[in-house]
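Working notes for the structure below.
The values are calculated or read from the model by the stated rules, or taken from the named source; none is laboratory data. Treat the numbers as computed from the prediction; the structure is a model and nothing was measured. Cβ: placed from backbone, ideal geometry, glycine included. Neighbour counts: every protein chain shown.
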């Protein structure tokens, strides 16, 4: 028997035909499930539970002007804090000076291991108790920036460190050979390349931050400081109907989907400069 | 530690023919002076007491088997590797002095790498201008002018807006040479500049290096291109196992090697097809001489 005949299945179908058959079966199953759901679901009851337009109307426009906007603000604040401090931590972790490395390692391990909710509690209630008279600059916004940013910085530090280490050693050598100092080399040659490398994982972290901003309610916020989840939950309690949750979820997607698209575009733009 | 006193000798015009240079090199100031250099990586001693001088305007090719310490020697000159002991002088500056302004001296030493090491996030032109503006504090316009001039020298002026990834290996290496030249270096170090290139791209890089030599650039070149060394080098240094085994004019070292190890190496390099499989041992290829 030659190897060619071994490859042939007993049905007499070629490999391509079998693949096409397999795909066809999968499509058929998929369509059957959708049809079954469409027929079985009581659409009137369903939309009465999840899709009540009168509730949507009542949520407007504050779900956007308060909920969405605050979610964006909390995310942006935590991201800026996390990126800045994460960069510092990454540099410390790569430093030749021992104590810097130890501090960075301890910080990263601690805050990556502790739930963001716990950290937020500690910042919101622990710090004011430990340091009487201290208040965060910017009030709640400052507190949230630190509370979420501390956790974010631990994650981002590791991402940035990995990015820096992914830049070939020859790049440092070439830059130093041209007479650039260590810090100049970092700023002009290494970090721009590192950030291009870590755009995908960094996007991931922004998206996680968007969702972590839903924890902010634990610090005790006024109605004007509600973010999407708290805002929707508030409506849920008042209307006893889950429609606000769907609205809130759509708002989150309205943030994360364009973000993913933007990043894909960035990646494409940088592709030729890699 | 004392600085070397460069011999005050009238400069002579550079000569690219190997024969005429034996005495010509003796009449120049010292560009690089390496004294009793040793370098170990852990317990592995890569350089074992190297002393070597390169005169201003001189082209020195360093040859030898892989692992002989050639690249390490070159990298010790601009202190990409820190010597374990010994001294390295570049011009009047001692690189091995802990107080030396390393960045200051390095900008006077061009270096070309085997893997090009162009900055992939910058265009060709930006690759050439970034250090000029950030290190030499030249104006943008001036840096661009210098960059374009040097791109022209290496025949890459038409690619100034390209990114390195869009260029062939030979083109990238020519741009890398132009990048070094844009800093107006006093001397250039080449670390196997053609070893990563496809064979048909080697020539264009060697041609650029040859023209540099003809212009009188001081060059220290680690290479496996024997024909190039023979034609362009004023002096050839053969290294093996961390020592300088033999040094002299290209005609002497390549054409008439005195040491058995040099002969064995050259025999293998110049006749790669004559090695019999039976001669290959765990240690590599047995010495044929």
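Results, tabulated for the structure shown:
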item: Which listed residue, of B:189, B:181, is touching a strand residue (DSSP E or B) at 6+ places or on another chain (Cβ under 6 Å), at pLDDT 95 or above and surrounded by 23 or more Cβ atoms within 10 Å (Cβ to Cβ); result: B:189
item: Some residue of the range B:141-148 being within 10 Å of chain A (Cβ to nearest Cβ), modelled with pLDDT of 95 or more and either within 30 Å of residue B:88 (Cβ to Cβ) or not in a loop (DSSP other than H, G, I, E, B) (or both); result: no
item: Residue under evaluation residue A:268, criteria (1) under 23 Å from residue A:156 (Cα atoms); (2) touching a residue at least 24 places away in the same chain (Cβ under 8 Å); (3) surrounded by fewer than 16 Cβ atoms within 10 Å (Cβ to Cβ), criterion not met; result: (2)
item: Members of the range B:122-136 found to be within 11 Å of chain A (Cβ to nearest Cβ) and either without any contact (Cβ under 8 Å) to a residue 40 or more places away in the chain or surrounded by fewer than 22 Cβ atoms within 10 Å (Cβ to Cβ) (or both), listed by number; result: B:122, B:123, B:126, B:130, B:133, B:134, B:135, B:136
item: Selected residue (criterion: nearest to residue B:201 (Cα to Cα)) from residues of the range B:161-183 that are without any contact (Cβ under 8 Å) to a residue 40 or more places away in the chain and within 12 Å of chain A (Cβ to nearest Cβ); result: B:166
item: Criterion (farther than 24 Å from residue B:205 by Cβ and more than 14 Å from chain A (Cβ to nearest Cβ)) met by exactly one of B:50, B:32; result: B:50
item: Hits in the range B:95-113 (condition: part of a loop (DSSP other than H, G, I, E, B) and at the interface with another protein chain (Cβ under 9 Å from one of its Cβ atoms)); result: B:107, B:108, B:113
item: Some residue of the range A:229-246 being away from chain B (no Cβ under 14 Å), under 25 Å from residue A:158 (Cα atoms) and out of contact with any helix residue (DSSP H, G or I) (no Cβ under 6 Å at 6 or more places or on another chain); result: no
item: Residue A:165 vs. criteria assigned to a helix (DSSP H, G or I) and either over 22 Å from the mean Cα position of the chain (by Cα) or more than 14 Å from every other protein chain (Cβ to nearest Cβ) (or both); result: yes
item: Residues located in the range A:102-122, provided they are touching a residue at least 60 places away in the same chain (Cβ under 8 Å) and more than 12 Å from residue A:155 (Cα to Cα); result: A:117, A:120, A:121
item: Check on residue A:191, assigned to a helix (DSSP H, G or I), within 15 Å of residue A:83 (Cβ to Cβ) and within 14 Å of another protein chain (Cβ to nearest Cβ); result: yes
item: Residue within the range B:62-73 that is more than 30 Å from residue B:267 (Cβ to Cβ), crowded, with 20+ Cβ neighbours inside 10 Å and more than 14 Å from chain A (Cβ to nearest Cβ) present; result: no
item: Criterion: within 14 Å of chain B (Cβ to nearest Cβ), assigned to a helix (DSSP H, G or I) and either under 30 Å from residue B:123 (Cα atoms) or modelled with pLDDT of 85 or more (or both) - qualifying residue of A:274, A:196, A:264; result: A:196
item: Qualifying residues in the range A:168-184 (those that are within 15 Å of residue B:132 (Cβ to Cβ) and in a helix (DSSP H, G or I)) - the one farthest from the other protein chains (Cβ to nearest Cβ); result: A:175
item: Selection from the range B:66-90 of residues that are farther than 22 Å from residue B:209 by Cβ and in contact with a helix residue (DSSP H, G or I) (Cβ under 9 Å, 6 or more places away or on another chain); result: B:79, B:81, B:82, B:83, B:86, B:88
item: Residue in the range B:199-220 that is within 14 Å of another protein chain (Cβ to nearest Cβ) and in contact with a helix residue (DSSP H, G or I) (Cβ under 7 Å, 6 or more places away or on another chain) present; result: yes
item: Selection status of residue A:110, in contact with a helix residue (DSSP H, G or I) (Cβ under 8 Å, 6 or more places away or on another chain) and either modelled with pLDDT under 95 or surrounded by fewer than 19 Cβ atoms within 10 Å (Cβ to Cβ) (or both); result: yes
item: Qualifying residue in the range B:164-174 (condition: in contact with a strand residue (DSSP E or B) (Cβ under 9 Å, 6 or more places away or on another chain), closer than 30 Å to residue A:197 by Cα and buried (at least 19 other Cβ atoms within 10 Å of the Cβ)); result: yes
item: Leading residue by the ranking (surrounded by the fewest Cβ atoms within 10 Å (Cβ to Cβ)) among those in the range A:84-96 that are assigned to a helix (DSSP H, G or I) and out of contact with any helix residue (DSSP H, G or I) (no Cβ under 6 Å at 6 or more places or on another chain); result: A:84
item: Per-region count, the range A:27-59, residues in a loop (DSSP other than H, G, I, E, B) and in contact with a helix residue (DSSP H, G or I) (Cβ under 9 Å, 6 or more places away or on another chain); result: 2
